[in-house]
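The values are calculated or read from the model by the stated rules, or taken from the named source; none is laboratory data. Just so it is clear, the model here is predicted, and its values are computed rather than measured. Neighbour counts are summed over all protein chains in view; Cβ atoms, including those assigned to glycine, are modelled from backbone coordinates with ideal geometry. Accessible surface areas use protein heavy atoms only, side chains included; no ligands, DNA or RNA. Shrake-Rupley method; radii C 1.70, N 1.55, O 1.52, S 1.80 Å.
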Amino acid sequence: MKTPRILIADDVPYNRTLLHHLVKKFGDCDFAANGIEVLAAVEAAAAEGRPYDLILLDIMMPEMDGQEALSELRKREAQAGVRLKDETKVVMVTSLGDWDNVLQGFKKGVVEYLVKPIRDDNLRELLAQMGFQPLTAAGK
């Protein structure tokens with residue numbers, strides 16, 4: 001069984017560290033600080049033949065925000081012929097819980113929308129619902 005690959009995208013180092021602490025037991029984690037880095041990481045991972053299984057994506061980031069990065073990601077996946085069921089799972093992890101941002105995220109293809117502060121038990125439950133299980137030492 002392959003180890004899931006997770007991209008944590010947030011411009012605040014503390015938030016990346018916290019999310020890493022919460023999800024590192026579910027897969028190998030990489031990091032991005034803005035939407036441009038997200039797209040570059042996704043492209044590199046695909047070129048390596050080991051694409052991301054999950055992206056935890058903040059909205060408010062410099063240079064390219066999470067909504068823009070999500071739109072571009074979905075556009076690239078469509079151009080590459082990726083089927084809807086095979087799209088990268090994206091969870092918005094943000095402090096913006098207003099209806100407009102939530103609706104935009106779901107229209108663009110997020111799987112779930114979590115408003116900060118993130119609770120470990122909520123995130124674990126969500127990951128389990130999405131099919132991610134904690135890795136064992138032998139499973140890694």
Given (1) in contact with a helix residue (DSSP H, G or I) (Cβ under 9 Å, 6 or more places away or on another chain); (2) in a loop (DSSP other than H, G, I, E, B), where does residue 49 come up short, assuming only one miss? (1)
May I ask you to verify whether residue 54 is at pLDDT below 90 and either of a type in the set (A, V, I, L, M, F, W, C) or open to solvent by less than 50 Å² (accessible area, probe 1.4 Å) (or both)? no
Any residue in region 64-74 that is farther than 22 Å from residue 19 by Cβ and of a type in the set (A, V, I, L, M)? no
Residues in region 59-105 that are over 21 Å from residue 4 (Cβ atoms) and assigned to a strand (DSSP E or B) total 1
Quick check: anything in region 79-87 among the small types (Gly, Ala, Ser), open to solvent by less than 70 Å² (accessible area, probe 1.4 Å) and either modelled with pLDDT under 90 or on the phi > 0 side of the Ramachandran plot (or both)? yes
Scan region 21-29 and give yes if some residue there is surrounded by fewer than 17 Cβ atoms within 10 Å (Cβ to Cβ), touching a residue at least 60 places away in the same chain (Cβ under 8 Å) and not hydroxyl-bearing (Ser, Thr, Tyr), otherwise no. yes
Answer yes or no: is there a residue in region 34-43 that is surrounded by fewer than 18 Cβ atoms within 10 Å (Cβ to Cβ) and at pLDDT below 95. no
In this structure, is residue 102 of a type in the set (Val, Ile, Thr), closer than 20 Å to residue 129 by Cα and open to solvent by 20 Å² or more (accessible area, probe 1.4 Å)? yes
Taking the stated definitions as given, is residue 64 aliphatic (A, V, I, L, M), open to solvent by 70 Å² or more (accessible area, probe 1.4 Å) and touching a residue at least 12 places away in the same chain (Cβ under 8 Å)? no
